[in-house]
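See below for the structure under consideration.
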Amino acid sequence: MTLQAKNIDHPDEQRSFEHGQVRLVKLPGATVGIAEFRPGWRWSVDVKPHVGAESCQVHHIAYVLSGRFHVRMDDGRELDLGPGDAHVVSPGHDAWVLGDEPCVTIDFIPAESDAPGID
């Protein structure tokens, strides 16, 4: 049996890039992240150069706290997400902030996934 808590204000890992940051805590079975993406953030511009993949390869199960962003899958499907939207996004996508407000999300990443391109 597991009983464990970690505070996201004291992350196990923090990743910063020009238009945002991600704080991650690693728990048994999942990594939980809170991300703040500022206007101008785009995965293919801000993260791609650091991970060496053509698109984000992380499986996201997430929730938008504030702001809006757009996701485009490698196969061309697209989706706009905003406050209150719980969502699942499979590997193979790009994403970017819509509008002038930062987009803040909570991401639940299964333990078997790595989180090199959290968005």
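The values are calculated or read from the model by the stated rules, or taken from the named source; none is laboratory data. Here the structure is a predicted model, which is why all the values come from computation and not from measurement. Because the Cβ atoms are built from the backbone with ideal geometry, glycine has one as well, and the counts that use them run over all protein chains shown.
Remarks
- Identification of strands (runs of 3 or more DSSP E) wholly contained in the range 20-97 with 3 or more residues that are under 17 Å from PRO110 (Cα atoms) yields 20-27, 30-37, 60-66, 86-89.
- Cβ separations smaller than 8 Å between residues 6+ apart or across chains give the following pairs from the range 5-18 residues that are within 20 Å of PRO102 (Cα to Cα) to residues that are exposed (fewer than 12 other Cβ atoms within 10 Å of the Cβ): PHE17/HIS50.
- Any hit, the range 12-20, residues being of a type in the set (D, E, K, R) and modelled with pLDDT of 95 or more: yes
- Pair list, Cβ < 6 Å and 6+ apart or interchain, from the range 25-52 residues that are buried (at least 20 other Cβ atoms within 10 Å of the Cβ) to residues that are of a type in the set (Gly, Ala, Ser) and modelled with pLDDT under 95: THR31/ALA115; PHE37/GLY20; TRP41/GLY20; VAL47/GLY117
For (1) surrounded by 14 or more Cβ atoms within 10 Å (Cβ to Cβ); (2) polar (S, T, N, Q), each residue gets a yes or a no:
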{"residue": "GLN57", "(1), (2)": "yes, yes"}
{"residue": "ILE61", "(1), (2)": "yes, no"}
{"residue": "GLY76", "(1), (2)": "no, no"}
{"residue": "HIS93", "(1), (2)": "yes, no"}
{"residue": "VAL104", "(1), (2)": "yes, no"}
